[in-house]
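Written out below as structure tokens is the structure these notes cover.
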Amino acid sequence: MRFSTASSPHWFVGPSVSQLMRQVLYAMLPGLATLVWFFGWGVLLHVAIASGAALASEAVVLALRGKPLRLFLGDGSALVTAWLLAAALPAFSPWWITTLGVAFAIVIAKHLYGGLGYNPFNPAMVGYVVLLISFPLEMTTWPPVNPGVDFASSVQIIFSGHPAEHLADALSGATPLDAVKTQLGLGLGITEIINGPAFGLIGGQGWEWAAMAFLAGGLWLVMKRVAAWQIPAGMLGSLALLSGIFYALDPQAHASPWFHLLSFSSIYGAFFIATDPVTASTTPRGRLLFGAGVGALTYLIRCFGGYPDGVAFAVLLMNIAAPTIDYYTQPRVFGARRD
């Protein structure tokens, strides 16, 4: 944030769109590096595929709309959408999954509504939900921690879809949330489930460290005032409150608040997804309510819905409510009385 120091009058000059987008990309680097460390080169390959697909889709639509390519391709918004979606995809899912999801996010969720600043829904989450509903098997099969797949084998798996026989077992796995939901349905208790080899100190092996890495990047965004603190606070606070209540009522049927908070998607969604300034609430009180709604819906979908994780659905549902929340939480104008 800065002010002009030239001759009067002085005006406020904020960071440009490209500067904001670059800061988001920088903040994602620790989390992406952690995902690569624990889940293999596939994460990095999907980031590259998503980036190429996003820039190509953006260029085609901009050309069709008669918009200047250099200006809009250089603002970084397409790359942010690509990275946000790529980080949420299974590390060894087919290349066309990433390409299709990113193209849908850019063309339909972003440009169909008029482009950056006009889209009512978070484009990355629209692309993610479309993929999750359309290809549930590919979207819910994550590799276990340290799959032992080298870079060349990762390329083969992602682009051919046919891993070598000795690598087949290294590609089948489930997220901690999926494992808990499935095994609770089989009648197992929380204590028995989380003592399994796939779980770490609090959450899943690798996942809890990825969550902490994205937390560091998210806090940096809040410190730089790129992300509003109210939304992560509201989301994580309501998620912790609801999960704490149910955990206190029956600790063997409901996971602890710490498990929910460190499930990766909670931290990732709170700081990088729900804080999208275009699709979230913009008033101070509205941001708290918006975040609280995302957290509450996330927990309800996880525990009582058909999906093991509900962050994407919760964000999209609250995107619908954001204009109404803003309308009823407008701060009082200085010198005016409320009716």
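Since every read-out is calculated from the coordinates, none of them should be taken as a lab result. This is a predicted model, so every value here is computed, not measured. With ideal geometry, Cβ positions are generated from the backbone for all residues, glycine too; neighbour counts draw on all protein chains shown.
Here are the numbers for this structure:
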{"read-out": "Global form of the chain, assessed from the alpha-carbon gyration tensor, a/c cut-off 1.5", "value": "oblate"}
{"read-out": "Label-point separation in nm, LEU201 to ALA48, each point 7 Å along Cα→Cβ", "value": "3.3"}
{"read-out": "Cβ-based exposure ranking for TYR307, TYR328, in which fewest neighbours within 10 Å come first", "value": "TYR328, TYR307"}
{"read-out": "Rounded, prolate or oblate (a/c below 1.5 giving rounded, otherwise prolate when a/b exceeds b/c) for segment 175-329 by Cα gyration tensor", "value": "prolate"}
{"read-out": "Sorted peptide list for 140-151, 206-217, 184-195, criterion being average Cβ within 10 angstrom, highest first", "value": "206-217, 140-151, 184-195"}
{"read-out": "Gain upon complete extension [ILE245, GLN330; 0.36 nm per residue less C-alpha separation]", "value": "27.5 nm"}
{"read-out": "Paramagnetic label zone (point 7 Å from Cα along Cα-to-C-beta, ASN146; backbone N under 19 Å) in segment 22-63", "value": "33-43"}
{"read-out": "Fewest-first ranking of ARG22, ARG65, using other Cβ atoms within 10 Å as the exposure measure", "value": "ARG65, ARG22"}
{"read-out": "Cα gyration tensor shape of segment 10-118, rounded if a/c is under 1.5, else prolate or oblate by comparing a/b with b/c", "value": "oblate"}
{"read-out": "Relative contact order (%) - segment 231-339, alpha-carbon pairs under 8 angstrom, separation at least six", "value": "32"}
{"read-out": "Orientation-averaged projected area, Cα convex hull of segment 102-155 (nm²)", "value": "5.2"}
{"read-out": "Charge sum, other residues only, whose C-beta stays under 15 Å from ALA103's C-beta, Lys/Arg counted +1 and Asp/Glu -1", "value": "0"}
{"read-out": "Full-extension gain in nm, LEU29 to VAL155, via 0.36 nm per residue minus C-alpha separation", "value": "43.2 nm"}
